[in-house]
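Working notes, beginning with the structure itself.
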Amino acid sequence: MKEICVELQGEEAMIEYGAYLAKSLSHTHTIYLQGNLGMGKTTLVRGFLQGHGYYGAVKSPTYTLVEPYELPEGQLYHFDLYRLGDPEELEYMGIRDYFDQDSISLIEWPDKGQGYLPAADIIIRIEMIPNGRRVMITANNEQAETTISLLM
Ligand SMILES: Nc1ncnc2c1ncn2[C@@H]1O[C@H](COP(=O)(O)OP(=O)(O)O)[C@@H](O)[C@H]1O
Ligand SMILES: [Mg+2]
């Protein structure tokens, strides 16, 4: 399976790449963001939101678990499940309503919600390199594979 791999030096490059992804990943509903604390997952989300025309503040939904954004194209949900104790809690917060056809979800720490989240269309992994971060993107279904094959 195809994997896209880019190396990005500095926060600004990360934001720009997030904005580029926002414009390139159409028809993508569920994106998992993997990588340790401090790797730049939230930074990438900030860029993604800018790519959709949202330039306001982006706070980590560390305690609220999810932050909604109303975009011209529809709803975007930014999840951070780092502090989720039991994935069943997602059931109580009505998790299913978040994943309707038109919304986009970017999910940090998806492993913590295993069993209660939809499958990823696209998985983005971020790791540290000496001067920045390496971002690796894989597709999890055929449509997503076509989408990422168009990435540069
Ligand atoms: N490509 C990059 N190169 C260098 N530093 C980066 C890069 N992307 C993000 N950072 C920095 O990493 C730090 C943590 O970012 P954050 O998005 O909060 O990480 P996470 O959400 O993965 O915990 C921030 O200080 C940010 O500026
Ligand atoms: Mg984060």
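Any read-out appearing in this document is the output of simple, stated calculations on the displayed coordinates, not a laboratory observation. As the structure is a computational prediction, the values presented were derived from the model and not from experiment. FYI the Cβ positions are ideal-geometry reconstructions off the backbone, even for glycines, and counts take in every protein chain you see.
Structure notes:
- Around the Cα centre of the chain, unit charges on the Cβ atoms of Lys, Arg, Asp and Glu (plus for the first two, minus for the last two) sum to a dipole of about 440 debye.
- Three-way shape label, the chain, alpha-carbon gyration tensor, a/c 1.5: rounded
- Helix 41-51 vs. the chain, principal-axis angle (Cα, 0 to 90°, nearest 10): 80 degrees
- GluC sites (Glu not before Pro), loop per DSSP, at most 13 other Cβ atoms within 10 Å - longest free stretch of the chain: 1-72
- In the chain, Cα pairs under 8 Å separated by at least six residues give a relative contact order of 34 percent.
- Per the Kirkwood formula applied to alpha carbons, the range 22-91 shows a radius of gyration over Rh ratio, Rg over Rh, of 0.95.
- The distance between label points at Glu91 and Ala57 comes to 3.5 nm (points 7 Å beyond Cα on the Cα→Cβ vector).
- Approximate spin-label separation Leu151-Glu127, in nm, with each point projected 7 Å along Cα-to-Cβ: 1.6 nm
- In a reduced charge model with +1 at each Lys and Arg Cβ and -1 at each Asp and Glu Cβ, the range 61-114 shows a dipole moment near 120 debye about its Cα centre.
- Derived scalar couplings between HN and Hα for the range 136-143 equal 10, 10, 10, 9, 10, 8, 5, 5 Hz in order, rounded to whole Hz, by the Karplus curve 6.51 cos²θ - 1.76 cosθ + 1.60 (θ = phi - 60°), x for Gly and Pro.
- Applying the criteria of a DSSP loop state and at most 16 other Cβ atoms within 10 Å to the trypsin sites (Lys or Arg not before Pro) of the range 51-152 yields Lys59, Arg83.
- Cα centroid separation, the range 1-38 to the range 88-135 (Å): 13 Å
- For Lys59, the lysines whose Cα comes closer than 26 Å to its Cα, not counting residues fewer than 8 places off in the same chain, are Lys23, Lys41, Lys112.
- Model label points for Ser24 and Gln101, set 7 angstrom from Cα along the Cα-to-Cβ axis, are 2.8 nm apart.
- The phi-based Karplus calculation (6.51 cos²θ - 1.76 cosθ + 1.60; θ = phi - 60°) puts the 3J(HN,Hα) values of the range 26-32 at 6, 6, 9, 9, 10, 10, 8 Hz, whole numbers, x for Gly and Pro.
- One decimal place: the segment Gln75-Asn140 gains 21.2 nm when fully extended, by the rule 0.36 nm per residue minus the C-alpha distance.
- Mean residue ellipticity at 222 nm, helices only, the chain: -7000 deg cm²/dmol; runs of at least 4 DSSP H residues each add -39,500 (n - 2.57), and the sum is divided by the number of residues.
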